[in-house]
Each structure stands twice: as structure tokens, then as C-alpha cells.
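Report on one structure; see the data block that follows.
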Amino acid sequence: MKKNILLFGLAFAGGLTYERYYPYIKALININNQKNDDHSFKSMLEEGNYIQPKVIDIMHSSPDKHFLHNFIAQHNEALNVFKIYYPDKLEQKIYSDNLESEDKIHLHFVFNAADHLQGHSSIVHGGLLATLIDNAFGQLSYLASGQIPTATANLNINYRKPVKTNQDYMITAEIDKIEGRKVYLKATIYDQDKTVCTEASGLFLTVQWGGQMWKRALDKIKESTQIDDKSIQINKQKNE
């Protein structure tokens with residue numbers, strides 16, 4: 001009887017663990033096997049040594065509830081392409097907790113919105129563009145503030161030219177300046193011809209709540225990186 005109870009308890013705990021961590025494991029396994037990887041800006045970004053950060057792939061598959069990642073990025077009929085790029089050196093510093101305040105922190109979002117995200121016919125809803133920019137600003141301000149959670153205090157958007165569905169666009173977002181708790185940012189949406197379609201500026205404030213989703217994703221990457229480093233060291237010792 002006791003043995004059966006013990007086995008049941010182990011099976012139950014194993015099931016909970018699997019349900020909780022499977023999305024993270026899946027993201028790490030499939031990180032180099034992403035669908036819809038081709039887009040109009042790919043060559044330019046690769047030449048500039050920009051890469052798709054692991055933390056974003058994990059967040060997209062995360063069981064944690066997040067509006068952009070769970071209800072838009074994961075929706076098969078929402079975004080034809082949704083890729084986020086960091087400078088290669090910046091990503092390595094993030095994972096090693098070696099990000100300095102003087103590092104130029106910026107990123108690029110490449111997206112292609114499907115017809116389900118249109119407002120007017122064949123034109124992407126302005127609310128989606130605001131969401132993408134707000135999310136980019138949130139990521140940047142989080143990194144720039146030393147991985148302290150931030151929240152939107154102000155967001156200004158100027159829509160210069162319609163952004164159309166089923167076409168590739170790129171958001172370039174960067175830190176403008178930091179003053180204490182205040183993080184000022186700016187962003188631009190470009191089309192394939194580098195024409196400015198949307199411009200935005202924002203103010204984010206560091207807060208004492210939130211940020212758990214980012215922290216968990218970063219912790220998972222750091223843990224896997226440590227395991228990989230240990231395996232490399234063991235293999236080196238064997239070869240010696």
C-alpha cells in the first residue's frame with residue numbers, strides 16, 4: 001500500500017514537472033529549427049551580427065500568460081513572421097550578467113502581419129503596432145536598467161505611412177537616455193525600402209513588481225549554459 005502511494009506521488013510530481021518545464025525544453029531544442037525564418041531583412045541583420053536571442057524563443061513557448069507571446073506570437077493565423085534580433089555581443093553579456101550601462105542597447109523586430117490583424121482592409125491595425133513597440137521598449141528598458149522590471153509611463157506614436165498586411169517590416173528600437181528610474185526610448189518602423197512608416201518615443205519606469213517571466217526564462221538559459229560548459233570541460237579532460 002505504501003509502495004503504491006509512493007509511486008503515485010512520484011508520478012504526480014513528475015507530471016507536474018513535465019507540464020511546467022516542457023515548453024522551456026521544447027524551445028531550447030527547437031531554437032535552430034524555426035519556421036518562417038526567411039524575410040526581407042535577414043541578410044542585412046546577419047551581416048550586422050544580429051542573432052535571435054534564446055530568451056525570446058523560450059518566452060514564446062512559456063506557460064506564463066503574456067498577451068503578445070501567448071495570444072499573438074503563438075497564433076498560427078496572426079503573424080506570418082515574428083523575429084526579434086539582438087546584437088550578438090549584447091546577448092552574451094545578458095546571459096553572463098555582464099551588461100554595462102554604457103553598452104549601446106538596441107534591438108530589431110521583424111514582423112509580417114496576416115490579414116487577421118488588419119484594421120482597414122489590408123492595413124495592419126494601429127493597436128498591434130503600438131503593442132509591438134511597447135513590447136520592444138519593455139525589453140530594452142528591462143535590460144538597460146540591470147534586469148529590473150519596468151512599466152510603461154508614456155508612449156507616443158506617430159503613424160507616418162500605412163503598414164500593410166502580408167509584407168515584411170522592421171522595428172528598430174533603442175535607448176535614448178536613462179535618468180534614475182526613468183528610461184527614455186525611441187523606435188522606428190521601416191518597410192523593405194527603408195521608408196519610415198511609424199515613429200515612436202516612450203518613457204518607462206523601473207518598478208518593484210513583475211518581471212518574473214523574463215527572470216525565469218533567463219534562469220533557464222543560464223542553467224542550460226552552465227550544463228553545456230560543464231560538459232565541454234569534462235570532454236576536454238577526457239581528451240587530455
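Exceedance of the 26 Å cut-off in Cα-Cα distance is limited, within the set Lys89/Lys161; Lys89/Lys177; Lys42/Lys177; Lys89/Lys186; Lys54/Lys164, to Lys89/Lys161; Lys42/Lys177; Lys54/Lys164. Computed over neighbours whose Cβ is under 15 Å from that of Ala200, the net charge equals -1, Lys and Arg +1, Asp and Glu -1. Note on the range 115-172: with neighbouring protein chains present and a 1.4 Å probe, carbon and sulfur make up 46 percent of its accessible heavy-atom surface. Averaged per residue, the range 118-205 has 46 square angstrom of accessible surface, using a 1.4 angstrom probe with ligands and nucleic acids left out.
Once backbone amide H atoms are built at 1.01 Å from N, Val124 has Gly119, Val163, Lys164, Thr165 as its partners under 5 Å, excluding neighbours fewer than 5 places away on the same chain. Between Lys177 and Ile148, the simple label model (points 7 Å from Cα in the Cβ direction) yields a spacing of 1.9 nm.
The values are calculated or read from the model by the stated rules, or taken from the named source; none is laboratory data. All values derive from a computational prediction rather than experimental measurement. Cβ: placed from backbone, ideal geometry, glycine included. Neighbour counts: every protein chain shown. Please note that ligands, DNA and RNA were not included when accessible areas were found on the heavy atoms of the full protein model with its side chains. Shrake-Rupley method; radii C 1.70, N 1.55, O 1.52, S 1.80 Å.
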